[in-house]
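To start, the structure itself, in structure tokens.
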Amino acid sequence: MPLTDKARIIGEGAYSLSTFSSILGIPRQELIEKEKQGLLPPAQRNARRERFYRPDDVKLYRTRLGLPPITKSVRKQLFLNFKGGTGKSSVSASYGFRLAQMGVKTLMIDLDPQGHLTQCLGLDSSQYAKTLFNALIDKEGLEKIIIHTDLPTLDVIPANLNLSPVELSLFAMNSREFRLKRLLSTVEHEYELMVIDASPSIGLLNLNAILASNDLLIPVLADFLSYHGLKILFETLSTIEEDFSFVFENIFIFLNRYNESHRICRRSKAALEKHYNEYLLQTVIRQDTKIAEATSRGSPIFRFAPSSKGATDIQDLIKEIFQLKGADNDG
């Protein structure tokens, strides 16, 4: 793909009235009234005289509405769980996509050679010749790796099997644990948010990701295998804290694919509340077939089914992380 091309994620590049009011977090009628009062620019109209908005309008409208910035400085947020199958990539893809829709300049980084984050965004991971391997090992500039998308606020560093040799190659390098942190520092002034999706493993690349991040987001299923995986993760973090004097600014645990009607889910939730309550978010992402369908079609849930309960829950997750839990924003 030529660097001048933009990867196609949003397609038509316009938001309806309902979608735009949802992105801004205000009722449709309030948006219409403020436009009538001249407090907001008049919406553009299509051939059927229906309102529509462009992604570039989001920041302008947020400013006119007096809404505070979602982030006050760049946040580097790592999605990680050593247990596979927790839905991490599909949630992180929709999470980062939604924040980009909300006007946050976002870089999404795929650290898994399977390229699941890349695919969940609707991109064909196999078409990209370069991954983080080329930047971390071959020392190419990130500007040659980053893919710009047709959502102006969203860029992606894709992954595929070309990333696979990175662990072995890193072992032979100086300051091998901090290479990702240093690499991201070269572009972090261009972004407000970096969302990093790591593979479910304990390795040198994930250690790099941990040491490069501010916040850790841990999706867990409501079962006791996930609970055990969480215990291993925190033991690993304790070792990293001792070895590198590193502590995350925020750790957020949230339940994914949660079904309140299942007794095992309720028991697992109670165990998390007992042992990890200081990190556990109130928001749970409920079991929703729409998320699975969106993933199978390579689409963030906010593109595939924006009114689904899965989309609602991920929106609530964003609200809680950036407002209630104080991840660099008092709300």
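A short reminder: the numbers here are calculations on the coordinates, not readings from a lab. Nothing here was measured: the structure is a model prediction, and the numbers come from that model. Positions of Cβ are backbone-derived with ideal geometry, glycine not excepted, and every protein chain shown enters the neighbour counts.
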_Can you say what percent of the DSSP beta bridges in the chain, counting only those with both residues inside, are antiparallel? Round to 5._
15
_Low-density loop cleavage sites - GluC sites (Glu not before Pro) in segment 131-198, where at most 15 other Cβ are within 10 Å (DSSP)_ = 140
*Please sort by residue number the GluC sites (Glu not before Pro) in segment 1-69 whose DSSP state is loop and whose Cβ has at most 16 other Cβ atoms within 10 Å.*
12, 50
*Treat every Asp and Glu Cβ in the chain as -1 and every Lys and Arg Cβ as +1, leave all other atoms uncharged, and give the resulting dipole magnitude about the Cα centre to the nearest 20 debye.*
1020
*With r as the distance between the Cβ atoms of residue 282 and residue 245 and R0 = 30 Å, compute the FRET efficiency 1/(1 + (r/R0)^6) and round to 0.05.*
0.45
_Spacing of the two label points (7 Å from each Cα toward its C-beta) at residue 235 and residue 44, in nm_ = 5.6
*asked:* Just to be sure I understand the model, the point goes 7 Å from the Cα along the line to the Cβ. What's the resulting residue 14 to residue 138 distance in nm?
replied: 4.1
*Please tell me which of these pairs span more than 31 angstrom C-alpha to C-alpha: 130/319; 6/36; 76/309; 269/319; 59/290; 76/144?*
130/319; 6/36
*Considering amide H positions built from the backbone, and no H for Pro or chain starts, which residues 5 or more places from residue 76, or on another chain, come under 5 Å of its amide H?*
194, 214, 215
*Which residues' amide hydrogens lie under 5 Å from the amide hydrogen of residue 253, considering only partners 5 or more residues apart or on another chain, with H built in the peptide plane?*
218, 280, 281
*Gain in length, residue 263 to residue 175, computed as 0.36 nm per residue apart minus the alpha-carbon separation, to one decimal in nm?*
26.9 nm
*Using θ = phi - 60° and the Karplus form 6.51 cos²θ - 1.76 cosθ + 1.60, what ³J(HN,Hα) does each residue of segment 220-232 get, whole Hz, x for Gly and Pro?*
10, 8, 7, 9, 7, 5, 5, 4, 5, x, 5, 4, 5
*With a point put 7 Å past each Cα toward its Cβ, work out how far residue 323 is from residue 65 in nm, to one decimal.*
1.1
*Residue by residue, what Karplus-based ³J(HN,Hα) values in Hz, rounded to whole numbers, does segment 25-41 have, using 6.51, -1.76 and 1.60 with θ = phi - 60° and x for Gly and Pro?*
x, 10, x, 4, 5, 5, 4, 4, 5, 5, 5, 4, 7, x, 7, 10, x
*asked:* I'm spelling it out carefully: the read-out is mean projected area of the Cα convex hull in nm², the candidates are [x] 17.4; [y] 22.2; [z] 16.4, and one was derived from this structure. Which label?
replied: [x]
